[in-house]
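First up is the structure itself, then whatever we jot down about it.
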Amino acid sequence: MSRVHFIGVGGSGMSAVARLTAARGHVVSGSDQRESHYFLALRDAGMDVRIGHDAAYVEGVDTVVISSAVRETNPELARARELGVEVIHRSEALARALDDQRLIAVAGTHGKTTTSAMVAHVLHGAGIDAGFAVGARVFGVEGAVAGGYPGTAGISAVEADESDGSFLRYHPEVAILLNVEPDHLDHYGTVEAMHEAFVQFASDCRVLVACADDAVVMAIAGRAADAGVDVITYGTGEADVVVTDRALVRDGDAFPLHVPVPGAHMRLNAAAAWAAAVAVGADPHRAAGAVSTFAGTGRRYQVRGEVHGVTVVDDYAHHPTEVAALLAAARSTGAKRLVVLFQPALFTRTQLHAAAFGEALSIPDADIVIAGVHGDREDPIPGVTSQSILDAVTPRDGATARVVEDLAEAAATAASLARDGDLVLTVGSGPVTYAADWILDALRERA
């Protein structure tokens, strides 16, 4: 038994790894700058987690776990370096925690969290007590508030993060490749280098479940097949698993499909989860039936509340394709009007995708409020602001769009625009999630 300390333990991904590490019998401690649902769940589970960073926290520990967001100036990390304490990345800690498991690893530019949660849910629905490490709260599994669950079946589903190349540390039995679009070029440098990383990931498994609707994914799958990987494709057109509005069809057999979460992309995610679950032994009929009870994950089209006819939904979408898919799904619910509070994350992503974000937000019958860029681990880039996204928005059919830099003011603006029958969306990977509660509070006060 060793002592393992997590810096930034309150993050969605780190909290899941902390929970799985503790399940292996290690003494886990951690620190973070602020409380979160994940942080409180770890505290409730009896772990020594503290608010604030202090060099003294790493005295006497055997291993320190960090993510790419932890800077070398962090006092705990600096002290660990001085003491010669082992420092490992979150993905390495997860690999150690699951080193005896049959892994299903989910990768792609977007959809990883929902799909990995779907894999876990489908396996549980098929009677397989699978473990998982997911970067969000998974609803419907007891003890999984922090996104990590050890399971007893010797099978685990993990979200494989490509942002810093750490997904290459996994050696899964089954890999899922959802989609591949330009992102995280601050790490890779070029699109070609990013594609090569995905090729390496896809070639290091026994079975690859690949989306036939994505041309880049299919090119990568072809190279994985050349390396001896068994490839199973899924998609709305020609594929091994054909996805329709109501069923999954494979080898002439149709399995009824009902996905409770709105959006065509969710049916594709469900198909990927089903194919992966079947590949590790789940009964295909039970697996398909389990999809209908999927309760979702935190911050993935999560309904946060309703006040006098106004519904507030929070979503993690932070890439233009994700934002476009989210807005299409929201529109399909029949809401009278959308009020969208979007907070772009990372200056590099905003610089690369400003025009695409603007296009995604150019929708009719909507009020668009864009908050200031959440830099997270990055320093500001001169000239890169939310205004560059607004400049690319083309308001349509009565829609409005504006920039409100301060997040609290942006939330107040969104609340003031909402009317009975509207759907309010808080969108982005940063602290915009807190704005959902602020908006609900403002709506209650107004009522």
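The numbers here are math on the coordinates, done by the rules we state, and not lab data. Note that the structure is a prediction, hence the values are computed from the model and not measured. Using ideal geometry, Cβ is built from the backbone for each residue, glycine included, and neighbour counts are taken over all protein chains shown.
A compact table of results
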read-out	value
Exposure proxy ranking, count of Cβ atoms within 10 Å, fewest first, for Cys205, Cys211	Cys205, Cys211
C-alpha center-to-center spacing [region 108-124, region 61-106] in angstrom	24 Å
Asp44-Asp230 FRET efficiency (beta carbon distance; Förster radius 41 Å; 0.05 resolution)	0.45
Peptide ranges 231-237, 169-175, 89-95, 104-110 listed from the most packed, as the mean C-beta count within 10 angstrom indicates	104-110, 89-95, 169-175, 231-237
DSSP-defined beta bridges in region 307-409 - what % are antiparallel, rounded to 5	10 percent
Average Cα contact separation per residue, the chain, under 8 Å, 6 or more apart, as relative contact order %	12 percent
Estimated FRET transfer efficiency (Arg446, Arg81; beta-carbon r; R0 45 Å; 0.05)	0.30
Options (i) 52, 24, 17; (ii) 31, 29, 22; (iii) 48, 30, 20 - which one matches semi-axes √(5λ) of the Cα gyration tensor in Å as calculated here	(ii)
Potential lengthening between Ala23 and Met1 on full extension [0.36 nm per residue; Cα-Cα distance subtracted]	6.8 nm
Kirkwood Rh in Å, taken over region 302-446 so that all alpha-carbon pairs contribute	14.7 Å
Label-point gap, in nm, between Asp365 and Ser416 - each point 7 angstrom along Cα→Cβ	2.5 nm
Added length on full extension, which subtracts the Cα-Cα distance from 0.36 nm per residue, Arg246 to Ser292	15.4 nm
Residue-averaged [θ]222 nm for the chain, counting only DSSP H segments that reach four residues, each worth -39500 (n - 2.57)	-10500 deg cm²/dmol
Separation of alpha-carbon centers, region 39-59 and region 235-260, rounded to whole Å	45 Å
Fraction of beta bridges assigned by DSSP in the chain that are antiparallel (%, nearest 5)	20 percent
Estimated distance in nm for a label pair at Ala264 and Thr394, the labels positioned 7 Å out from Cα along Cα-to-Cβ	2.0 nm
Net charge of neighbours whose Cβ lies under 14 Å from the Cβ of Arg300, counting Lys and Arg as +1 and Asp and Glu as -1	0
Fewest-first ranking of Val49, Val199, Val27, using other Cβ atoms within 10 Å as the exposure measure	Val27, Val199, Val49
Check: the chain dipole with +1 on Lys, Arg Cβ and -1 on Asp, Glu Cβ, in debye	820 debye
For region 153-186 and region 329-377, distance of Cα centres in Å	26 Å
Estimated vicinal HN-Hα couplings, Hz - region 430-445 in sequence order (Karplus 6.51, -1.76, 1.60; Gly, Pro = x)	x, x, 4, 4, 5, 5, 4, 5, 4, 5, 4, 4, 5, 5, 5, 5
Amide H contacts of Val138 (H built 1.01 Å from N, under 5 Å, at least 5 apart or other chain)	Gly147, Gly298
Long-range HN-HN contacts of Ile363 with modeled amide H, under 5 Å	Arg396
Order of Ile128, Ile368, Ile381 under a 10 Å beta carbon neighbour criterion, fewest first	Ile381, Ile128, Ile368
Cut-off 9 Å between beta-carbons: net charge of the residues surrounding Ala275, Lys and Arg +1, Asp and Glu -1	0
Relative contact order (percent, whole number), region 290-447, Cα cutoff 8 Å, 6+ residue spacing	32 percent
